[in-house]
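For reference, the structure discussed in these notes is given below.
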Amino acid sequence: RLVMRSLMQTRGTGNSNSFEYLQYHGVGENTALSLTGVVSTLTVATATAAAAHGLRVGDWVKIAGATEAGYNGYFRVVTVPSTTTFTYKIDASTADTTTGTIVYQHLSRFGAAAGVAEAGVKPQAKVFPELKEGSCQVKAHYFKVTRQAMDDIPGISSDLNTWGVQGIAEIEEDELLYGAGTSTALQGVLGLTTIQTRTQDDASDKGRVSAYRKAMTDVELSGGMATGIVMHPIQYEGIELAFGLDDHFIYESVDGRVWRIPTAVTKRIAPGTALVGDFSSAILYERQGTNISFADQNEDDFINNLLAVRFEERIGVAWQRPEMFVNLTITT
């Protein structure tokens, strides 16, 4: 059975508890291009370019120069109404119009690569990274058990090991999804502002199964390749029990995969929610793997024949490309 960390790459931090990483926003031309204006209706901003932009739905752009700060930043293109206009989502609190010398950079267009004549000047490409810092945090709990129980009850040591390690694994998975990113909690991917969202648009068994495939396309449109799905057991059941009009099952998962993608099934994600993403862009930093320690010198444990059994790990997480993850809402 896969867990969420099974989908991620893992790195050690050496002798340090902290780590640095680059959150990449894409590769584009070094020169910014002009926008003649940007207006919005609620959370949808419409940008008009001075010339044909060449953008497609799902491309990543950098907007800068707008007087209203909410229009600036890195955004995913939502629609392309014409060759000179495109839309992206902003916060609802941003003003309906903005001024300034507004420019954009296309970050999904093979860098600046172009055909160049012999001895001609080559165009310069630019990587758009953002330096991030993180630290490994302690996830731990402990049990107390009498020495007599440890000596007399067959299998109790094995049971404690199972429960102790499982508890650490579950808090880890919960925080990788929903953590607040505080000094004691990991930053959960579902709490990142640049993650994509999608809602099942067809309330049928066919629509349920199709929603996961459409989310995989969303990942591809942002430049990634879906490598994993995280879902609740109820959603996994819904996939395997979906059937067509002739009562045959629509989809039969094979070896824990949905649409050829490895799938982690966990109670830690909320029912009705699934996470589809390119997990190769996520790194789990491990300062110390889950370890087990025993002690009888804590408090008055020694005189009371008690043994403390502690389970502990130190980990951190880096989400290098949040836009390559989709928060999928399943409605049935």
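Here Asp246 does not fit the description of being under 18 Å from Val276 (Cβ atoms), surrounded by fewer than 13 Cβ atoms within 10 Å (Cβ to Cβ) and free of Cβ contacts under 8 Å to residues at least 40 places away in the same chain. Residue count for segment 16-67 satisfying the condition of being of a type in the set (Gly, Ala, Ser) and over 30 Å from Val317 (Cβ atoms): 13.
Scanning segment 193-204 for residues that are out of contact with any Phe, Trp or Tyr (no Cβ under 6 Å at 6 or more places or on another chain) and either more than 30 Å from Glu313 (Cα to Cα) or among the hydrophobic types (A, V, I, L, M, F, W, C) (or both) yields Gln196, Thr197, Arg198, Thr199, Gln200, Asp201, Asp202, Ala203, Ser204. For the criterion of being among the β-branched types (Val, Ile, Thr) and open to solvent by less than 70 Å² (accessible area, probe 1.4 Å), Ile303 fails. Among the residues making up segment 72-92, those that are modelled with pLDDT under 95 and either open to solvent by less than 10 Å² (accessible area, probe 1.4 Å) or among the hydrophobic types (A, V, I, L, M, F, W, C) (or both) are Phe75, Val77, Val78, Ile90, Ala92.
Just one of (1) in contact with a Gly (Cβ under 9 Å, 6 or more places away or on another chain); (2) closer than 29 Å to Ser157 by Cα; (3) among the basic types (Lys, Arg) fails for Lys267. It is (1). Based on what the data block shows, is Glu170 touching a Leu at 6+ places or on another chain (Cβ under 8 Å), closer than 26 Å to Gln137 by Cβ, open to solvent by less than 70 Å² (accessible area, probe 1.4 Å) and of a type in the set (Asp, Glu)? Answer is no for this residue. It is to be established whether one or more residues within segment 273-280 are surrounded by fewer than 20 Cβ atoms within 10 Å (Cβ to Cβ) and under 26 Å from Gly191 (Cα atoms). The answer is yes; a qualifying residue exists. Would you confirm whether any residue within segment 12-35 is assigned to a strand (DSSP E or B), of a type outside the set (A, V, I, L, M, F, W, C), farther than 25 Å from Val189 by Cβ and open to solvent by 50 Å² or more (accessible area, probe 1.4 Å)? Yes, segment 12-35 has at least one match.
Could you check segment 1-11 and list, in sequence order, the residues that are touching a Leu at 6+ places or on another chain (Cβ under 7 Å) and assigned to a loop (DSSP other than H, G, I, E, B)? Correct list: Met8 only.
The values are calculated or read from the model by the stated rules, or taken from the named source; none is laboratory data. Note that the structure is predicted; figures quoted are calculated from it, not measured. Counting neighbours? That spans all protein chains shown, and the Cβs are built from the backbone with ideal geometry, glycine included. When the accessible area is computed, the model is the full protein with side chains, heavy atoms only, and any ligands, DNA or RNA have been set aside. Shrake-Rupley method; radii C 1.70, N 1.55, O 1.52, S 1.80 Å.
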